[in-house]
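Okay, so here's the structure we're looking at.
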Amino acid sequence: MKVQHIIIDDNSLIHRELSIYRSGTINRVRLQDRSYNTYASLEIDAHNYAAFFHYGLPELLNSLPFISESNNGLDSWDEAFLHNSSLGSMKKIIDERLTSIDPEHHETILLGWHDQPVGVAYFRDIDPGRFAEFLGKLSGFVEESAVAGCDLEFIL
């Protein structure tokens, strides 16, 4: 069977409509609030979402006590919360991962595939420098959240 290879293009409306095209948001919240309030947000675009999983951040971060409805911790297609008391540890994990990323080592990763009605494999080019920049923003966002006494909500 011949398999068509498609590299995801963020500028393609057709690609952005694929279920394999994922993005997310990290919200600054306070779990003790009586009503749901978002104090700030950090968007995770589709490139950084794929890189987040490719570089193993969910696995590393799941050493922390995330609260999620599915009890899977930090996972794709899920919502998870992290209490303020764990944000220092989160920042340390992010900063350690950031130092291990070689900004010159571009990669193409497999996002998923299907066999029917025709074989298609979906790939994404990962720009490690771009992802490292995102991790720097995430580290700052986590630090600001800790100082503000906020918790984090991950919508992945």
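The values are calculated or read from the model by the stated rules, or taken from the named source; none is laboratory data. Just so we're clear, the structure is a prediction, and the values are computed from it rather than from any experiment. Don't worry about glycine lacking a Cβ; one is built from the backbone with ideal geometry, like all the others, and counts go over all protein chains shown.
Observations
- Among the candidates Leu64, Leu60, Leu74, the residue that is of a type in the set (A, V, I, L, M, F, W, C), at pLDDT 95 or above and in contact with a Ser or Thr (Cβ under 9 Å, 6 or more places away or on another chain) is uniquely Leu64.
- Summed over region 104-129, residues that are exposed (fewer than 14 other Cβ atoms within 10 Å of the Cβ), under 19 Å from Arg16 (Cβ atoms) and among the small types (Gly, Ala, Ser) total 1.
- In summary, helices (runs of 4 or more DSSP H) completely within region 1-93 and bearing 3 or more residues that are out of contact with any strand residue (DSSP E or B) (no Cβ under 8 Å at 6 or more places or on another chain) and not small (Gly, Ala, Ser) occur at 13-16, 57-61.
- Residue match in region 94-106 (condition: touching a strand residue (DSSP E or B) at 6+ places or on another chain (Cβ under 7 Å) and either part of a loop (DSSP other than H, G, I, E, B) or of a type in the set (Asp, Glu) (or both)): yes
- Residues of region 8-24 that turn out to be out of contact with any Asp or Glu (no Cβ under 6 Å at 6 or more places or on another chain) and in contact (Cβ under 8 Å) with a residue 24 or more places away in the chain, as a count: 8
- Annotation note: of Leu82, Leu152, Leu138, the sole residue that is closer than 26 Å to Phe66 by Cβ, in contact (Cβ under 8 Å) with a residue 24 or more places away in the chain, crowded, with 19+ Cβ neighbours inside 10 Å and touching a Ser or Thr at 6+ places or on another chain (Cβ under 7 Å) is Leu152.
- Some residue of region 66-78 being touching a Lys or Arg at 6+ places or on another chain (Cβ under 8 Å), crowded, with 18+ Cβ neighbours inside 10 Å and within 17 Å of Ile109 (Cβ to Cβ): no
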